[in-house]
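**Student:** This is the structure I have questions about; it appears just below.
The values are calculated or read from the model by the stated rules, or taken from the named source; none is laboratory data. Note that the structure is predicted; figures quoted are calculated from it, not measured. Methodologically, a virtual Cβ is constructed for each residue, glycine included, from the backbone with ideal geometry; neighbour enumeration extends over all protein chains shown. Please note that ligands, DNA and RNA were not included when accessible areas were found on the heavy atoms of the full protein model with its side chains. Shrake-Rupley method; radii C 1.70, N 1.55, O 1.52, S 1.80 Å.
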Amino acid sequence: RLLFRKWWVIALQGMLLIILSIYIFNNPVAVLTGISFWFGVLVLATGLLGIVSWTAEDKAERAGSSLLWSLVTAAFGLLMLMNMFATQKAITVILGLWMLVTGLQLARSGWSLRNQSTLGWVMLSAGVLSAAAATLMVLNIGAGAVGVSTLFGIGVMLTGIALVLLSFPNSLKSMTSE
């Protein structure tokens with residue numbers, strides 16, 4: 001009920017997300033840098049929390065492998081933060097390889113369906129385009145930054161649009177109940 005009365009908060013959140021998505025689309029390198037930074041912080045924090053957890057355990061229950069894994073994780077997180085370019089490249093390569101596999105699978109499915117439906121040709125075309133974009137992402141960090149920020153921006157924009165659309169029925173209910 002409170003959600004229906006505060007429809008304008010939902011609309012405002014949606015509009016802010018749409019504005020954020022425009023920023024994301026226009027600043028791909030900054031977005032990739034931010035994602036890389038926070039990913040490095042998360043990996044470092046995970047390692048440090050593992051070390052703290054290990055020291056808080058009873059001596060009889062401590063596992064040496066747990067401490068070793070936590071130390072390696074913390075060191076890896078620190079390396080990620082110290083070499084942002086390598087972190088950015090790793091993120092774009094991983095996402096690019098995922099897109100390549102997905103694109104090839106889509107193209108393969110489209111190829112087998114091309115004689116049954118025009119949808120097969122659409123799938124084939126989308127798969128080939130995805131594989132081409134993925135290859136660019138893996139080979140060129142600038143294209144990778146654009147790819148990462150585009151995918152992220154689309155997600156943010158769709159969430160913003162959904163919130164704005166969600167607020168309309170709520171605004172009507174709020175107005176009729178008053």
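**Student:** When the chain is fully extended, how far beyond the present Cα-Cα distance does Ile19 get from Ile94, taking 0.36 nm per residue of separation?
**Tutor:** Length difference between fully extended and current span is 24.2 nm.
**Student:** For a quick size check, give me the Cα extents of region 2-89 along its three principal axes, largest first, whole Å.
**Tutor:** 56, 40, 12
**Student:** Relative contact order for region 95-162 using alpha-carbon pairs under 8 Å, separation at least 6, rounded to a whole percent?
**Tutor:** Relative contact order of region 95-162: 33 percent.
**Student:** Could you do me a favour and compute the accessible area per residue for the chain, 1.4 Å probe, result in Å²?
**Tutor:** Ligands and nucleic acids excluded, the figure is 64 Å² per residue.
**Student:** Please report, ordered by residue number, every helix of the chain (full DSSP H runs) that is 30 Å or longer along its axis going by C-alpha atoms and whose mean Kyte-Doolittle hydropathy reaches 0.0.
**Tutor:** Helix filter hits for the chain: 28-56, 84-113, 118-139, 141-177.
**Student:** Please report Rg (one decimal) and Dmax (integer) in Å for the Cα set of the chain.
**Tutor:** 22.7, 67
**Student:** On the first, second and third principal axes, largest extent first, how far apart are the outermost C-alpha atoms of region 83-153 in Å?
**Tutor:** 50, 20, 14
**Student:** Calculate, in nm to one decimal, what Asn115 and Leu78 gain on full extension: separation in residues at 0.36 nm each, minus their alpha carbon distance.
**Tutor:** Residue separation times 0.36 nm, minus the Cα-Cα distance, leaves 8.0 nm.
**Student:** Give me the percent of the accessible area of the chain that comes from carbon and sulfur atoms, probe 1.4 Å, all protein chains in place.
**Tutor:** Working: 8690 of 11440 Å².
So the carbon and sulfur contribution to the accessible surface is 76 percent.
**Student:** I would also like to ask the following. Hey, what did the chain get for relative contact order, percent, Cα under 8 Å, at least 6 apart?
**Tutor:** Relative contact order, the chain: 37 percent.
**Student:** Same structure, new question: Take Ser65 and Val9, extend 7 Å from each Cα along the Cα→Cβ direction, and tell me the distance between the two endpoints in nm.
**Tutor:** Going by the 7 Å Cα→Cβ label model, 4.7 nm.
**Student:** Please give the calculated 222 nm ellipticity per residue for the chain, where each DSSP H segment of at least 4 residues contributes -39500 (n - 2.57) and the sum is spread over every residue; nearest 500 deg cm²/dmol?
**Tutor:** Roughly -31500 deg cm²/dmol at 222 nm, from the helical runs in the chain.
**Student:** Sticking with this structure for a sec: For the chain, what is the charge dipole size about the Cα centre, in debye to the nearest 20, if Lys and Arg each add +1 at the Cβ and Asp and Glu each add -1 at the Cβ?
**Tutor:** 400
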